Each structure stands twice: as C-alpha cells, then as structure tokens.
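S.K.: Dropping a structure here in structure tokens format, bear with me for questions.
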Amino acid sequence: MYASYLSKFDGGDEYMTRRSTWESIAHLLPRDKVIWEAFRGDGGSASILRDLTGCEVISNDEDFFTHNRGDIVVSNPPFSKKKEVLQRCKELNKPFILLMPMATLTTRYFAEMFRNDPDLQVIFSPTRIVYEKTADGVRTECGRPSFDSIFVCWRMRLLRSLTFLT
C-alpha cells in the first residue's frame, strides 16, 4: 500500500511532515515538556514544533536506537522502521506521538505491543495526510498518497483514546 507511494520517489522513505499536519495536533502537545524530534529529516519539523509549542525541541543527527533525549517523542519516523521505532519508544518508557500509516494498527506486532494497553491513543486526521520531499534545500509536496496516516500516541494523557480532528 504505502510501498508504492514510497517507490515513486528517490531517497528511501525519508518524507517530511508539512507544517499544516503539525498545526492540526499542536493543541494536543504539552507546553511544559522537552520534545525529542528523533527523526529530523531536513530539520524542518523541529523548527515547526518549536514555533507551534514554544517548547525546547531536540533534533540531532544521531541514531534514535542508541540515544535517549527529551521528555516526549514527537516525530514522523521512517515507515520502514515503524515496528522497531515502536519497540524502542516503549523501551524508553516515555510518552510519544508518532505519525504512521493507518495500516500499522492491523499488524500482529502492533496488537502484541499494545493489546489491552490503556495508555494507547490514536489521533485521526479528517483528510489524507500529504508528505513532502526535500531536494537541494527545497521542500516539494509528493502528491496525495494511496494510504491514510494516523498519529499513534502512548501515555500522552489525551482526553480520549480516539481523537478525531476536525
């Protein structure tokens, strides 16, 4: 499903999150925490998150799997590593909001990791989330993907388990 979208573009699955996507959830982000934007891409998301929340945002060019920064993880990880990213986030035992393909919810590993977990929450966008690629320092919209994306959240203390954005 999302593999066909990813194969249309060079550079693997390094897709940037548009400002409008972060704006849609900014009201749900805590203002008193240090955010770790662990998958920095071109660095734009960290700048956007700083601007929207006023929080300190850590976004270093380092290996997520060997470092531990901030109070919460807010990121758009590479979809090819989503299982490993979810495992690592749970190992770190810190709250997170991760942008992922909706199909993640139906995987065996997801069910095994989160079955009966009262701290799991999901944020649904009212429209299909579109990503951007960066080339020569310029972000370009990739077009409408063939899959839906969601924000998978854990220990974020949102008001509801399922949040539907308007």
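The values are calculated or read from the model by the stated rules, or taken from the named source; none is laboratory data. None of these values were measured; they are calculated from a predicted model. In this analysis, Cβ positions are derived from the backbone assuming ideal geometry, glycine residues included, and neighbour counts consider all displayed protein chains.
Listed here are the residues, each with its yes/no results for (1) in contact with an Asp or Glu (Cβ under 8 Å, 6 or more places away or on another chain); (2) of a type in the set (A, V, I, L, M); (3) at pLDDT 95 or above.
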site	(1), (2), (3)
K8	no, no, no
G43	no, no, no
K82	no, no, yes
L99	no, yes, yes
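S.K.: Output the qualifying pairs, or none if there are none: Cβ atoms under 7 angstrom, residues six or more apart or on different chains, first residue in segment 95-124 and over 19 Å from T163 (Cβ atoms), second residue modelled with pLDDT of 95 or more and crowded, with 20+ Cβ neighbours inside 10 Å.
M.R.: That search, which allows pairs on different chains as well, returns M113/L86.
S.K.: So, in segment 110-160, of the ones that are of a type in the set (G, A, S) and part of a loop (DSSP other than H, G, I, E, B), which residue ends up farthest from the chain's Cα centre (by Cα)?
M.R.: Applying the filter and picking the extreme gives G137.
S.K.: Given the options K82, K90, name the one that is in a helix (DSSP H, G or I), basic (K, R) and touching a residue at least 24 places away in the same chain (Cβ under 8 Å).
M.R.: Unique residue meeting the criteria: K90.
S.K.: Now for a different question. Tally time: how many residues in segment 42-52 are in contact with a strand residue (DSSP E or B) (Cβ under 7 Å, 6 or more places away or on another chain) and either surrounded by 19 or more Cβ atoms within 10 Å (Cβ to Cβ) or free of Cβ contacts under 8 Å to residues at least 40 places away in the same chain (or both)?
M.R.: The qualifying residues number 5.
S.K.: Say whether the condition of being crowded, with 20+ Cβ neighbours inside 10 Å, at pLDDT 95 or above and more than 14 Å from I97 (Cβ to Cβ) is met by at least one residue in segment 59-77.
M.R.: Yes, segment 59-77 contains at least one residue that is crowded, with 20+ Cβ neighbours inside 10 Å, at pLDDT 95 or above and more than 14 Å from I97 (Cβ to Cβ).
S.K.: Restricting attention to segment 109-166, which residues are among the basic types (K, R), over 20 Å from P78 (Cα atoms) and surrounded by 17 or more Cβ atoms within 10 Å (Cβ to Cβ)?
M.R.: R155
S.K.: For F39, work out the one condition from (1) free of Cβ contacts under 8 Å to residues at least 60 places away in the same chain; (2) part of a helix (DSSP H, G or I); (3) touching a strand residue (DSSP E or B) at 6+ places or on another chain (Cβ under 6 Å) it doesn't fulfil.
M.R.: Every listed condition holds for F39 apart from (2).
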